[in-house]
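> Have a look at the structure that comes next, please.
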Amino acid sequence: MNAHGPSPEQVLSALKVTGFLLEQEMFRVVENHGFYADISRAYDDPEEGKSREIDVFGWKPFFIHERRNCVFGIRLIIECKNPKSPYVVIGHTPNDNELGGMRGGYSFWASHIEVGRTPHPNGSAMQSVHHSSLMELLGLNNIAGNPTDEHFVGNQLIAMERKGSDWFAGNSHIFDGIVMPMVKAMSHYQQVNRGGRTGPLQGGEQSHNSLTMPILVTSNEIFEVNTDLDEIVAVSVPWTNVTRQIKTKNLQTTVKIQVVQAKHMSEFLEQRVLAFGNAVAERVLKCPEILMVRNLQDLPPGASREHLAVPSQFLPPGQPSV
């Protein structure tokens, strides 16, 4: 043994200070829940054109059509941190508009479906074209675990820092060190779903549909501070969320990041990811063609429409609204 080198104990002690062992732990947790998992997954930085890495990447298809030309899955973008101090998320009880803004992360082969046409208001021969999103048609916002199912919306992610005997709250490294890398990774992988075709699904083409979920996993405690409460308190929670707006030359989006304690990651995956993915698959199975068309009129004869939330004015006679 090199007398000047570290001992085995010192090696492990040094590794525990970093997030490397935490990445290995989260890799096993994700894989044990049925995801294809990868560590240090490379992606192309859309801002700088450089190769970047995701700490832990996960992908699980929840629905694959029997002809294998249509898929719905959930993609996990996981950043692992082993901070010496807790994270604090400050926010409030969300209103309906804010809940609607939490829909980011979805990427569908056809994000909106034409549901019908009505006479144009100006009375000309033109018609007004009406669309509904797939989230609305499938009622995804009413499924437990969905991205809009939140009692709290965070808007500030804070790292506690200890200086001597005092604690200070700061966020100097949060944006560049956590938020932007996750947004860049999301942007890269969501391009998989986006194609230039505007017509029907062609032979050999796959309808790829997914929800990409960015997750910050921390080995330390998480505190949630709801400023809407009469008495503002810091409450220790197993997981929470924080929403951030991004606007750069190449990226303009709103991202919601799940913030999860490592020891609760398995519980989070079961309650917020697997439950949601399985429920979506059940709805898609009733009418898989809805993921392969851009117009309701293109659904094949016999395709089930009863569970689709089609606006009432465009429902076939006798079909009740969902």
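> Can you pull out every residue in segment 234-278 that is open to solvent by less than 50 Å² (accessible area, probe 1.4 Å), in a helix (DSSP H, G or I) and within 21 Å of Leu99 (Cβ to Cβ)?
Phe268, Arg272, Val273, Ala275, Phe276, Gly277 - these are the residues of segment 234-278 that are open to solvent by less than 50 Å² (accessible area, probe 1.4 Å), in a helix (DSSP H, G or I) and within 21 Å of Leu99 (Cβ to Cβ).
> Oh, and also: Do we find a residue being under 21 Å from Leu216 (Cβ atoms) and in a loop (DSSP other than H, G, I, E, B) anywhere in segment 121-139?
No, segment 121-139 has no match at all.
> Pairs only if they're at least six apart or on different chains, beta carbon under 6 angstrom, first in segment 98-109 and assigned to a strand (DSSP E or B), second modelled with pLDDT under 75; list them, first residue then second.
Ser107/Gln190; Ser107/Asn193
> Would you point out which residue out of Ser107, Ser111, Ser85 is at pLDDT below 85 and polar (S, T, N, Q)?
Only one candidate qualifies: Ser111.
> Would you pick out the residues in segment 64-85 that are open to solvent by 30 Å² or more (accessible area, probe 1.4 Å), in a strand (DSSP E or B) and closer than 30 Å to Ser236 by Cα?
Lys81
> Among the numbered conditions (1) in contact (Cβ under 8 Å) with a residue 24 or more places away in the chain; (2) open to solvent by 30 Å² or more (accessible area, probe 1.4 Å); (3) outside any loop (DSSP other than H, G, I, E, B); (4) more than 19 Å from Thr218 (Cβ to Cβ), tell me where Arg41 comes up short.
(1)
> On to the next question. Suppose the filter is of a type in the set (Gly, Ala, Ser) and either open to solvent by 70 Å² or more (accessible area, probe 1.4 Å) or in a strand (DSSP E or B) (or both); does Gly116 pass it?
It is true that Gly116 is of a type in the set (Gly, Ala, Ser) and either open to solvent by 70 Å² or more (accessible area, probe 1.4 Å) or in a strand (DSSP E or B) (or both).
> From the list Val192, Val217, pick out the single residue that is among the hydrophobic types (A, V, I, L, M, F, W, C) and modelled with pLDDT of 80 or more.
Exactly one of Val192, Val217 is among the hydrophobic types (A, V, I, L, M, F, W, C) and modelled with pLDDT of 80 or more, namely Val217.
> Please specify each residue of segment 211-233 satisfying the condition of being part of a strand (DSSP E or B) and closer than 12 Å to Gly91 by Cβ.
Phe223, Glu224, Val225, Asn226
> Something else about it: Under the condition of being free of Cβ contacts under 8 Å to residues at least 40 places away in the same chain and either charged (D, E, K, R) or part of a strand (DSSP E or B) (or both), which residue from segment 168-192 is nearest to Ser40 (Cα to Cα)?
Asp176
> Go through segment 152-167 and report how many residues are without any contact (Cβ under 8 Å) to a residue 40 or more places away in the chain and open to solvent by less than 20 Å² (accessible area, probe 1.4 Å).
0
> Take the residues in segment 47-63 that are touching a helix residue (DSSP H, G or I) at 6+ places or on another chain (Cβ under 8 Å) and surrounded by fewer than 18 Cβ atoms within 10 Å (Cβ to Cβ), then tell me which one is farthest from Ile74 (Cα to Cα).
By that ranking, first place goes to Glu47.
> Going by what's in this entry, would Phe175 be described as within 18 Å of Arg244 (Cβ to Cβ) and open to solvent by 10 Å² or more (accessible area, probe 1.4 Å)?
So Phe175 fits the description; yes.
The values are calculated or read from the model by the stated rules, or taken from the named source; none is laboratory data. Keep in mind the model is a prediction, meaning the values are calculated, not measured. Cβ sites come from the backbone with ideal geometry, for glycine too, and all protein chains shown count toward neighbours. Please note that ligands, DNA and RNA were not included when accessible areas were found on the heavy atoms of the full protein model with its side chains. Shrake-Rupley method; radii C 1.70, N 1.55, O 1.52, S 1.80 Å.
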